[in-house]
Amino acid sequence: VLPALTIDGYISAEVVEGAFTRDTFQRFILREVVPHMTAYPGKNSILVMDNCQIHKSHFLVGLLRQ
């Protein structure tokens, strides 16, 4: 289960059989989370992730810094 949460509640959640991969995680972030984000310091402008290996993506970092 992969949830995307804000202080107001859930944005989205996805369930996969087995484990998430870097590709399935990136797809979830791009399709389900990024559309709800705004420029800093706006609402939903900060994405917090732990140091799980699938979160360490140069592609996502570059995309989200724009």
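Is there a quick way to get the dipole size of the chain? I mean about its Cα centre, with the Cβ of Lys and Arg at +1 and of Asp and Glu at -1; what is the value in debye to the nearest 20?
280
Whose amide H sits under 5 Å from the amide H of E14, counting only residues 5 or more places off or on another chain, with H placed in the peptide plane?
Excluding prolines and chain starts, which carry no amide H, the hits are L2.
Please find the FRET efficiency linking Q53 to D8, where r is the Cβ-Cβ separation and R0 is fixed at 35 Å, and quote it to the nearest 0.05.
0.75
Once ligands and nucleic acids are excluded and a 1.4 Å probe is used, how much of L47 is accessible, expressed in Å² to the nearest 10?
In the full protein context, L47 sits at about 60 Å².
Which order do V61, V15 take when ranked by solvent-accessible area (1.4 Å probe, heavy atoms of all protein chains), largest first?
If we order V61, V15 from most to least accessible, we get V15, V61.
In a solvent-free Debye calculation with one equal scatterer on each Cα, what is log10 I(q)/I(0) for region 2-64 at q = 0.16, 0.19, 0.21, 0.25 Å⁻¹, listed in the order of the q values?
Values, matching the q order: -0.53, -0.75, -0.92, -1.28.
The values are calculated or read from the model by the stated rules, or taken from the named source; none is laboratory data. This is a predicted model, so every value here is computed, not measured. We place every Cβ from the backbone using ideal geometry, glycine too, and count neighbours over all the protein chains shown. Side chains included, ligands, DNA and RNA excluded: accessible areas come from the protein's heavy atoms. Shrake-Rupley method; radii C 1.70, N 1.55, O 1.52, S 1.80 Å.
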